[in-house]
1. So if R0 is 22 Å, what FRET efficiency would residue 2 and residue 228 give, r being the distance between their Cβ atoms, rounded to the nearest 0.05?
2. Testing the spin-label approximation: label points 7 Å from Cα along Cα→Cβ at residue 163 and residue 408. State their distance in nm.
3. What are the semi-axes of the equivalent ellipsoid for region 1-161, taken as the square roots of 5 times the Cα gyration tensor eigenvalues, largest first, in whole Å?
4. How do 282, 53 line up, fewest other C-beta atoms within 10 Å first?
5. Could you tally the net charge around residue 295, taking each other residue with its Cβ under 14 Å from the Cβ of residue 295, Lys/Arg +1 and Asp/Glu -1?
6. Using the number of other C-beta atoms within 10 angstrom as an exposure proxy, rank 451, 230, 173, 208 with the fewest first.
Amino acid sequence: MDRVIFHIDVNSAFLSWSALKIIASGGADIRDIPSVVSGDPSDRRSIITAKSIPAKKMGIATAQPLSAALRICPSLVVVPPDFEWYSECSRKFIAICRDYSPVLQQFSIDECFLDMTAFLQGAKPLDVAARLKDEIHSRLGFTVNVGVASNKLLAKMASDFTKPDRVHSLWDHEVETKMWPLPVRDLLYVGKKTEEKLLHYGITTIGHLARVNVGTLGSIIGHKASLTLHDYANGVDNSPVEVLSSEAKSYSVERTFRENVTDAKKMDRVLFDLSCTVAHRIRVDEVRAGSVSLFVKAADFSVKSRQCQMEQPTDTTAIILRYVRTLLPDIWNGSTPIRQAGITLGKLTHDDFYQLSLFEDPKMEYYRQWDEEYDRKALENGEDPRGKMRSKAAVKDTVPTTEHPSGESALRAAKEAVRKNPDLTFERKPLPDGTDCFILQDHTGKTVARHSVPGSKAKMPKVHLSPEEEEFRRMMSSQVEKASQKTAKRYDEYMKLREKAPDKK
């Protein structure tokens, strides 16, 4: 039986969803005027994340710097993003789609795939797609495009045809007439750099690409990429609609600070460092994340957190950092002393099926190069990515605890560990069950080992350090300072890269 795959894509999702909220509060429909969703107009880094049709007709494009868009249209209406509201709209959208088929893969916050092969119940695919499209519009108030095809690639391509509020098919026999005439940049996986290479060799359309020998194509763009693009240009894609497990899985990283953070610049460096670490971990494990959450713990141990769904799954540090920065103002006023912060990435997927040109930041090529360099240096330096994917139910206390016959023995073991590794420090702390012990921590504040005595009433001796041990403490502090300088250097390199990278014209 031939597969029937739907790809459902919300038209101008962020702008449409913002419009619904504005209309509900008595405002005008911003979809009918030149308008965009973007960050703070006073921030030169702000870019367009969504645009209205009138704005598009004026030449305003997604991922364009907001400053450039305002030069084109000084009266442009700028609406700030509201990720909580977007997540709510997304959940309602996905719920309706799931009513049509349980075999659903959420591709991003505003689009999903449905495998309809076993759920058409004798109806024609295009009729069912039209019914789904109209139900979303009537119940939720925004429009979608639905692509119908025999695989995910063709369904995604079909949904990108004429917009808005349309249903399009792209069956195997229609590839030559509907897809091959399109510019080569319209094909999934073809980004700006790849397009430039292909155009240099006269490969201007998807049809041209489909007819190029794989060996020749490999000499232009590389062997691995050539195999994928050649298949895609010919409409070949055997990937399944990947139903994500209901088991919650995530990657997390957190830092406990030796001194409370009260400075916005320092906090931004912390977020940068956390983003680098967790993004590196998911790249090592070859997964992408669709959601990100941020938490901060204040000096009084109160905790605040926020999360949002990213527009599409990513493993790029810059994109993760961008979302984390948008979450921070909701949970921190910029001055409250913070003792700990952490980032969690969720909604993971191993699926390689994603569109490189979607929501393409004009500096994206530089960000990817930066990530590649970061990964290379991390591996050369022997840095352990840690953080393998685990379900929340499976997360246990994996810190090794060594029991000793006496408190003096536990103290000697803790001191010996610090002698062998100046990066470590230790302090006397009680465990949740009341057991007194010595806890070893690395320079980030992460607990790496414990030395305790059985029995909740065991008394641990006070810590008296010799001059040699004090020297080790000073060495450890030096290591902490070096690590801090390393983070600062990476941060500065990253910020300089942002300044040097060209803006999209």
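Laboratory data are not the source of any read-out in this text; all were calculated from the coordinates shown. Values in this document were obtained by computation on a predicted structure and should not be read as measured data. A quick note on method: Cβ atoms are made from the backbone with ideal geometry, for glycine too, and the neighbour counts reach across all protein chains shown.
1. Values: r = 23 Å, r/R0 = 1.03.
Working from the Cβ atoms, E equals 0.45.
2. Each label point lies 7 Å from its Cα, and together they span 7.5 nm.
3. Values: eigenvalues 210, 51, 34 Å².
Whole-Å semi-axes of the equivalent ellipsoid: 32, 16, 13.
4. Working: 282 22, 53 16.
Exposure proxy ranking, most exposed first: 53, 282.
5. Values: positive: 255, 297, 304, 306, 339; negative: 254, 330.
Around residue 295, the surrounding residues sum to +3.
6. On the way: 451 25, 230 18, 173 10, 208 15.
In increasing order of surrounding Cβ atoms, one gets 173, 208, 230, 451.
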